[in-house]
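The values are calculated or read from the model by the stated rules, or taken from the named source; none is laboratory data. The model shown is predicted, which means the values in this text are computed figures rather than measured ones. Virtual Cβ from ideal backbone geometry, glycine too; neighbours counted across all protein chains shown.
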Amino acid sequence: MAKRNPFSRFFGVWLREQTYLNLVYLILAFPLGFAYFIFFAVGITLGLGLSIVLIGFAILAFVALGWWVFASFERLLAIWLLRVQVPPMDKPGAAPVGIWERFTTLLTNPVTWKSLLYLVVKLPLGILSFIVLVLLGGISLALLVSPLTFFWLPITIEFTGQSAWVLDTALEALVGFLLGALLATISLHVFNYLAYISALWAQLMLGNPRPPAGAAHQAVASAQ
């Protein structure tokens, strides 16, 4: 299959469905991270504060359940929106039998603890995504609408404390629009890269890798 030229690869980002799915994922990162933070902060504080009575342990158990549910939701979100293959969260092998075996399996499952770290850092990563989205998106949008606003609300771009560029003519507004289109395209590539890093992070933290198909059969055959 022939490779696309650099021009189509650069501007074709506007036509890719994945670009907008990535945007949705990045937009959701901050509110979800904030919700997880509130849940854990309130739940752990109440659970430890009331640990002298049974209700405190019940609250902590509920927090632990929410921890796993949130991690499962984040895994599905990465699969649905980022279109990345994330392995199952449970440990490979036979399913545990009985409450005690389930409990010990959960404690020894690496994803149990990796997913907790994932949820903890979701808020700072969400804040970073929000800042990048607002900064690049806001500047791009302001420049894109400059042809509509130059005559009553001209945009001012300050280079230093003593020099600035005021887009108050039709020609300057047109130049601003072209710059905005270029910046918006670059911004979409930046957003896609952030989503790509998020996909790798989800793969690393929210799944237990499975051996390749046929690996178990080869191991048995080699042992015989």
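Return yes or no: is L76 surrounded by fewer than 14 Cβ atoms within 10 Å (Cβ to Cβ) and within 20 Å of the chain's Cα centre (by Cα)? In short, yes. Restricted to the range 134-153, and to residues there that are touching a strand residue (DSSP E or B) at 6+ places or on another chain (Cβ under 6 Å) and not hydroxyl-bearing (S, T, Y), the residue that is farthest from L179 (Cα to Cα) is F150. Set side by side, the residues L182, L200 differ, and just one is at pLDDT 95 or above, in a helix (DSSP H, G or I), of a type outside the set (D, E) and within 19 Å of F11 (Cα to Cα), which is L182. Would you confirm whether any residue within the range 84-101 is buried (at least 17 other Cβ atoms within 10 Å of the Cβ) and outside any loop (DSSP other than H, G, I, E, B)? Checked the range 84-101: no residue is buried (at least 17 other Cβ atoms within 10 Å of the Cβ) and outside any loop (DSSP other than H, G, I, E, B).
Restricting L60, L48 to residues that are surrounded by fewer than 15 Cβ atoms within 10 Å (Cβ to Cβ) and free of Cβ contacts under 8 Å to residues at least 60 places away in the same chain narrows the list to L48. Please specify each residue of the range 137-181 satisfying the condition of being within 30 Å of L26 (Cβ to Cβ), of a type in the set (V, I, T) and surrounded by 12 or more Cβ atoms within 10 Å (Cβ to Cβ). Result: I139, V145, T149, I155, I157, V175.
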